[in-house]
Amino acid sequence: EKLNGSYGQVTSSVTPKILGNPSETIKTAQATFTATPNDNCTFHGWYRDAAHTQKASDNATYTEDITNNQVGSTAHLTLYAWFKTNQTLTFNTATYEKNIVKGATLAGAAAATASSGLSVSYQSSNSNVVSVNDAGDVTGVSLSNDDVTITALQPGNDEYSPASIT
C-alpha cells in the first residue's frame, strides 16, 4: 500500500478457519505485512495503534504469528504503516565563501528554507570562531583563519522526515 505522509491501516486475515473442539485445537498462522513508500516518503515503522505509540517493527517487511482459538472463526491482525514525507533544505544564497571579522554579523548569511515549510535551525562547526543563530545570522566570534562550516537542520515532525544540508 503506497501512502504519503500518513498512516495506512492494513488488516490481514489468516486461514484455514479453526475446526473442531477449541479446547483441543489452536491454529497459528503467519501474517506478513510489506510497506512500500512512494518516491517522496520514508517508512518509519509498523504500529499496533493509529497514534503510533505501540511499535511492532522498524522493518518494512514484518511477519507476525496470529493465533486463533475460536471454532469456525478467522484470526485478524491490524497494523498501521507510518510514512513521513521527505523534505529538502536549500540555502537561500548560492555557495559562497565569506571572511567574517570578529564582532561582525552577516544578517541571514546562512538562511535556508525547508520544502516542508517547517522552521530551520543552524549549527557552526566551530562556534568558538563563528556563531550562527536561528535566523541564519552569522557572527565572527574570534579572529581565526580556520574554515567553518554552517549546517542547516530541520528535525522533522509526525508528517516530515528530518533533513540537513551543509
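Only residues that are modelled with pLDDT of 90 or more, outside any loop (DSSP other than H, G, I, E, B), open to solvent by less than 70 Å² (accessible area, probe 1.4 Å) and polar (S, T, N, Q): list them for the stretch 74-101, please. The answer is T85, and nothing else.
Does the stretch 30-53 contain at least one residue that is acidic (D, E), under 30 Å from S121 (Cα atoms) and at pLDDT below 85? Within the stretch 30-53 (the criterion being acidic (D, E), under 30 Å from S121 (Cα atoms) and at pLDDT below 85), the answer is yes, since at least one residue qualifies. Does the stretch 58-66 contain any residue that is out of contact with any Phe, Trp or Tyr (no Cβ under 9 Å at 6 or more places or on another chain) and loosely packed, with under 12 Cβ neighbours inside 10 Å? The answer is yes; a qualifying residue exists.
The values are calculated or read from the model by the stated rules, or taken from the named source; none is laboratory data. Predicted model, so just to flag it, every value in this text is computed and none were measured. Neighbour counts are summed over all protein chains in view; Cβ atoms, including those assigned to glycine, are modelled from backbone coordinates with ideal geometry. To get the accessible areas, we keep the full protein, side chains included, count just its heavy atoms, and leave off ligands, DNA and RNA. Shrake-Rupley method; radii C 1.70, N 1.55, O 1.52, S 1.80 Å.
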